[in-house]
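The values are calculated or read from the model by the stated rules, or taken from the named source; none is laboratory data. Because the structure is predicted, anything quoted here is derived from the model rather than measured. Here Cβ is always computed from backbone atoms with ideal geometry, including for glycine, and neighbour counts include all displayed protein chains.
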Amino acid sequence: MSKWSCDLECATELHRRVGSGLFSGLLVNKSAVVRKIIATLQRELATYIRAARAAHDEATHEQNKPENKYDTRGLEASYLARGQSRQVAELELAITQIEALSTAAWPAGTPIGPGALVEIIEGREHSWYYVAPRAGGTEIDHQQHEILVLTPQSPLGQQLVGRRQGDEIVLDLGRGATRRLRVATVG
């Protein structure tokens, strides 16, 4: 049997995998995808921790004591340090919540929700999304495909949550323009 031929047993196995990991020829290991998302968030977290420390050091450095009432360097640095610290806390929470999600195959017919890996088709274009409670906009590359993290609060996330494999979504783009998407697979 050549590597391209498939008997009944092979076809049955391929059919079983649809909806539990086979995305239009892309065999997806959801655990590997989640590990990549977490690794990306951890790298981002390390960057924010360094930035927060640097901003804190600058805000508290002796040379940044105001020389007069118009000297706001120290105050500005403290605002920056506070913002960086908030981002650190947000990333830590995102990592914790994503780690808590199941990486098991999404049961067939189950509505999309946090933890689902979703393939969307628009015309001939295929897009892959991981639905998570936080970290929307995070992108990873998996087997030469981009996977984007969506939150249920995002416009597309709102449209996806509760849908099932095979459902069609019509996005209203305003001014009478729409986009038609189809949920191809959920894993």
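Points to keep in mind about this one:
- Filter result (within 12 Å of residue 184 (Cα to Cα) and under 9 Å from the mean Cα position of the chain (by Cα)) within the range 96-152: 129
- Test: residue 115 is surrounded by fewer than 16 Cβ atoms within 10 Å (Cβ to Cβ) and either part of a helix (DSSP H, G or I) or not assigned by TED's automatic domain parsing to the domain that holds residue 39 (or both): no
- One residue from 151, 138 being closer than 22 Å to residue 36 by Cβ, among the hydroxyl-bearing types (Ser, Thr, Tyr) and in contact with a Phe, Trp or Tyr (Cβ under 9 Å, 6 or more places away or on another chain): 138
- Any hit, the range 19-32, residues being more than 18 Å from residue 146 (Cα to Cα) and at pLDDT below 90: yes
- Remark: residue 168 matches the filter, which requires a residue to be over 27 Å from residue 94 (Cα atoms) and free of Cβ contacts under 8 Å to residues at least 60 places away in the same chain.
- In this entry, residue 109 is excluded by the filter for residues that are in a loop (DSSP other than H, G, I, E, B), closer than 25 Å to residue 42 by Cβ and outside the structural domain of residue 92 (by TED's automatic domain parsing).
- All of (1) under 21 Å from residue 97 (Cα atoms); (2) out of contact with any Lys or Arg (no Cβ under 9 Å at 6 or more places or on another chain) hold for residue 145 with one exception: (1).
- Scanning the range 91-102 for residues that are in contact with a Phe, Trp or Tyr (Cβ under 9 Å, 6 or more places away or on another chain), assigned to a helix (DSSP H, G or I), crowded, with 18+ Cβ neighbours inside 10 Å and at pLDDT 90 or above turns up at least one hit.
- Every residue from the range 152-165 that is free of Cβ contacts under 8 Å to residues at least 40 places away in the same chain and more than 19 Å from residue 123 (Cα to Cα): 152, 153, 154, 155, 157, 158
- Selection of the range 125-141 for residues being outside any loop (DSSP other than H, G, I, E, B) and surrounded by fewer than 19 Cβ atoms within 10 Å (Cβ to Cβ) yields 125, 126, 127, 139, 141.
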